[in-house]
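Following: one structure in structure tokens, then a few remarks.
The values are calculated or read from the model by the stated rules, or taken from the named source; none is laboratory data. The shown structure was predicted, so the numbers you read here are calculated from the model rather than taken from an experiment. Here the Cβ positions follow ideal geometry from the backbone for every residue, glycine too, while neighbour counts run over all protein chains shown.
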Amino acid sequence: MQIKFYGVRGSIATPGKDTVRYGGNTSCVYVESSDGSIFIFDAGTGIKKLGDELIKNPKPKDINLLFSHYHWDHIQGFPFFLPAYNKDQTINLLAAHLGDLNAHSVLTQMTDPHFPVPSDKLEATVNVFSMHEDRLYVGSNVIKTQSLNHPGGGSAYRLKTPQGTMAYVTDNELDPPEKPKTSYREWVEFLKDVDFLIHDAMYHDHELEKIHGWGHSLISQTLQLAVDANVSNLVLFHHDPSRTDIQLDQIKQDSRAWMKKNAPHCQIYIAREGDEYRIE
Ligand SMILES: [Zn+2]
Ligand SMILES: [Zn+2]
């Protein structure tokens, strides 16, 4: 399984000299399973570059684009995703735990006065699915979902491939002030023994008072979750737009030191645009 990061930032794209190393594009992660199945998690601004690459090197299979939810930083790149304008391409838009709001919400951003090209000009075959079952089979892979603790809701995904398991959990507050849709105990269960976990880790403990209830997690909570769920590799994701490269270096150093003491088998990474991982 190949996993590559195209957008790692939360809330708003933040190009600039202070974010040039980790990247300023919003959420987008590409996953290719050994059977050739393609999964893209979210269509933040990072999906532009991914689309440019996929147009140059087209893949024979459908593109499965899974949305955590429809906040701008997770959908805004879609109108610039060139495979959507390729008549030979099939794209499946998938979402879960969003009630009646299916992934058409991604297409409705392509309307006047917000965007000059309407979605009926997309030439690819675009299918819209809402996952109502708790699991979905794609090739030799299985996807499970879990409801996010985030304003407006959304879905986490756990993807089991023949080479291992990854999970994409962003815009999720592990300990929200109100009753959670998914309790901490349920998160530990959902993520048990995952090989590669990508999880929201937007804030420091000292920022909690300001951000409690915004639907994001503290770095410290995310580290503890990886320990409790026996995760092998944890990637801290959805960086605050004001977090600089130097601050993210510090978060990496501190998180690795903490994990070395608490669960030395768990590897810690900070999501960085362009980084690629292989799970064998
Ligand atoms: Zn977000
Ligand atoms: Zn959000």
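Per-residue answers, yes or no, for (1) within 16 Å of ligand 1 (Cβ to nearest atom); (2) surrounded by 20 or more Cβ atoms within 10 Å (Cβ to Cβ); (3) not acidic (Asp, Glu):
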| site | (1), (2), (3) |
| --- | --- |
| 26 | yes, yes, yes |
| 30 | no, yes, yes |
| 39 | no, yes, yes |
| 44 | yes, yes, yes |
| 50 | no, yes, yes |
| 53 | no, no, no |
| 59 | no, no, yes |
| 64 | no, yes, yes |
| 68 | yes, yes, yes |
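Just name the residue that is farthest from the chain's Cα centre (by Cα) out of those in region 1-23 that are of a type outside the set (A, V, I, L, M, F, W, C), away from ligand 1 (no atom under 14 Å from the Cβ) and in a loop (DSSP other than H, G, I, E, B). Outline the logic, then answer.
Step one: of region 1-23, the residues of a type outside the set (A, V, I, L, M, F, W, C) are 2, 4, 6-7, 9-11, 14-19, 21-23.
Imposing the further condition that a residue be away from ligand 1 (no atom under 14 Å from the Cβ) reduces the set to 2, 4, 6, 15-19, 21-23.
From the residues that got through so far, the ones that are in a loop (DSSP other than H, G, I, E, B) too are 15-19, 21-23.
Details: 15: 19, 16: 22, 17: 24, 18: 23, 19: 19, 21: 19, 22: 16, 23: 15 Å.
My answer is 17.
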Response to the item:
In the set 119, 147, the lone residue that is more than 16 Å from ligand 2 (Cβ to nearest atom) and of a type in the set (Ser, Thr, Tyr) is 119
Item to complete: Mind telling me which of the residues 203, 269 ends up being of a type in the set (Phe, Trp, Tyr), more than 16 Å from ligand 1 (Cβ to nearest atom) and either at pLDDT 95 or above or under 24 Å from residue 4 (Cα atoms) (or both)?
Response: 269
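Of all residues in region 157-170, which are touching a Leu at 6+ places or on another chain (Cβ under 6 Å) and within 16 Å of ligand 2 (Cβ to nearest atom)? Break it down stepwise before answering.
Pass one, region 157-170, residues touching a Leu at 6+ places or on another chain (Cβ under 6 Å): 157, 166-167.
Scanning region 157-170 gives a single hit, 157.
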Item to complete: Output yes when any residue across region 244-254 is modelled with pLDDT of 95 or more, buried (at least 18 other Cβ atoms within 10 Å of the Cβ) and within 16 Å of ligand 2 (Cβ to nearest atom), and no when none is.
Response: no
